[in-house]
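These notes are about the structure you will find just below.
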Amino acid sequence: LSLIAQTSAFSNLIVICSMSKIFRIPGLRTGYLCADPDVIDNLMRYYQPWSVNALSQAATVHILENPQIIEPFLEMTRSFVQTEKQIFQDAFGGGCYDESGGCYLTSGGKVKLKIYPAQTYFLLAKLIGDMKSKDLCKLLGEHKILIRDCSNFHGLSDQFVRFSLRDRKTNLKLVEILQQLI
């Protein structure tokens, strides 16, 4: 689900899209911005002429000039992410959904984690109970699984973490450890 089409209807809407994660080129830090033309004109006053290096430019051009390769890759990635999210949620009995679409992950019938709906492979979760984000990050780190502590995200607290889905084996290891913890 993209808000890009809405930028023509809302002059104050800016959509920033990273190409770094989806195309597995995180070191290149490339992406694009969509907004009302007046907003873009205003932003261009602060634009640095060499804000993207030559390698990033070459990778971006290659991606954009090869839709016959990129489109199947994107579709396969979307399918993979949906499947992995479903497996992740099903491992906790499927949970139950509230009015926000959030999924409560349970183990042994006791709610401990709320996963918020997402269109990406990042899953924002709220810890229910006494455990804090730094504690969960530390516990998972001891199992060589790193998650994002979201306590420094504006509007969130020390009850929020972000999981990044990986390959099936790593995702199932995360599920197994979480089931032991909750």
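Can you report the number of residues in the range 113-134 which are farther than 22 Å from Val81 by Cβ and either surrounded by 15 or more Cβ atoms within 10 Å (Cβ to Cβ) or among the hydroxyl-bearing types (Ser, Thr, Tyr) (or both)? Selection size over the range 113-134: 5. Against the test of being free of Cβ contacts under 8 Å to residues at least 40 places away in the same chain and within 20 Å of the chain's Cα centre (by Cα), the options Gln48, Gln6, Gln57, Gln89 yield a single qualifying residue, Gln89. Among the residues of the range 26-43, is there at least one that is touching a residue at least 24 places away in the same chain (Cβ under 8 Å), open to solvent by 100 Å² or more (accessible area, probe 1.4 Å) and either of a type outside the set (A, V, I, L, M, F, W, C) or over 22 Å from Phe73 (Cβ atoms) (or both)? Yes. Would you please name the residue that is modelled with the highest pLDDT, looking only at residues in the range 162-180 that are within 18 Å of Leu124 (Cβ to Cβ), of a type outside the set (S, T, N, Q) and part of a helix (DSSP H, G or I)? Out of the qualifying residues, it is Leu174. Selection of the range 88-112 for residues being surrounded by fewer than 18 Cβ atoms within 10 Å (Cβ to Cβ), at pLDDT below 65 and not polar (S, T, N, Q) yields Gly93, Gly94, Cys96, Tyr97, Asp98, Glu99, Gly101, Gly108, Gly109, Lys110, Val111.
Identify the residue in the range 1-25 that is open to solvent by 70 Å² or more (accessible area, probe 1.4 Å) and in a helix (DSSP H, G or I) and, among all such residues, is nearest to Ile70 (Cα to Cα). In this case the residue turns out to be Ala5.
Note on the range 166-182: residues that are open to solvent by 70 Å² or more (accessible area, probe 1.4 Å) and within 17 Å of the chain's Cα centre (by Cα) total 3.
The values are calculated or read from the model by the stated rules, or taken from the named source; none is laboratory data. Because the structure is predicted, anything quoted here is derived from the model rather than measured. Every residue, glycine among them, receives a Cβ derived from its backbone with ideal geometry; neighbour counts consider all protein chains shown. For the accessible areas, the whole protein counts, side chains as well, though only heavy atoms, and no ligand, DNA or RNA atoms are used. Shrake-Rupley method; radii C 1.70, N 1.55, O 1.52, S 1.80 Å.
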